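To start, the structure under review is shown below, and the notes come after it.
The values are calculated or read from the model by the stated rules, or taken from the named source; none is laboratory data. Since this is a predicted model, take the numbers as computed values, not measurements. Here Cβ is always computed from backbone atoms with ideal geometry, including for glycine, and neighbour counts include all displayed protein chains. Accessible surface is based on the protein model in full, side chains and every heavy atom, while ligands, DNA and RNA are left aside. Shrake-Rupley method; radii C 1.70, N 1.55, O 1.52, S 1.80 Å.
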Amino acid sequence: MTPTEISETYFTAWEAGDFDTMSTLLAPDVDFVGTLGTARGAEECLQGLKRMGQMLERIEVHARVATDTDVITWFDLYVPGAPATPTANWSHVEDGRITRIRVTFDPRSILTTLT
């Protein structure tokens, strides 16, 4: 798969709660840094994505820009009780797997739903 196809599959699987598929997309030593946490390694990354997935209502992708190794996805993250949260996700792909993920968004509206 191309980096774009890997990114599309990643987001489709995450929204569907298909963590078996997601696990095939992550390198064993994937490194995740996001607004709400960090993770090292595929298992720790999957655990964080599962926790976020528990409150995930849906994802609406607006744009995806890719090179041979990098993909930036701009999307709205929807969680119950909060307005759409504009989010940027950068993924680096090597040998058909995601090795680095960086995510940024303003978490204030999401955090108010957790209290």
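Could you list which residues have their amide H under 5 Å from that of T35, counting only those 5 or more apart in sequence or on another chain, with H placed in the peptide plane? For T35, the qualifying residues are V103, F105. When a 1.4 Å probe is rolled over the protein heavy atoms, the share of accessible surface on the range 41-84 that falls to carbon and sulfur comes to 52 percent.
Here the chain is assigned +1 on the Cβ of each Lys and Arg and -1 on the Cβ of each Asp and Glu. Its dipole about the Cα centre then comes out at about 400 debye. Compared with the dominant Cα axis of the chain, that is its longest principal axis, helix 3-16 is turned about 40°.
In this structure, the amide hydrogen of D70, modeled 1.01 Å from its nitrogen in the peptide plane, lies closer than 5 angstrom to those of V93, counting only residues at least 5 positions away or on a different chain.
Axis of helix 42-55 versus longest Cα principal axis of the chain: the two differ by about 30°, to the nearest ten degrees. Using Cβ point charges alone (K and R +1, D and E -1), the dipole size of the range 48-115 about the Cα centre works out to roughly 260 debye.
When the charge dipole of the chain is built from unit charges on Cβ atoms (+1 for Lys and Arg, -1 for Asp and Glu) and taken about the Cα centre, the candidate among S91, G34, S7 whose Cα reaches farthest toward its positive end is G34. Placing R0 at 30 angstrom, the Cβ-Cβ distance between T112 and W90 gives a FRET efficiency of 0.70 after rounding to 0.05. Full extension of the chain between M1 and V61 yields a length gain of 19.7 nm, computed as 0.36 nm times the residue separation minus the alpha carbon distance. Helix content alone sets the calculated 222 nm mean residue ellipticity of the chain: runs of n ≥ 4 DSSP H residues at -39500 (n - 2.57) each, divided across all residues, give -11000 deg cm²/dmol. This structure gives percent of Cα pairs over 22 Å apart, computed directly, and of (i) 25; (ii) 41; (iii) 31 that value is listed as (i). For the chain, the solvent-accessible area with a 1.4 angstrom probe is 54 square angstrom per residue.
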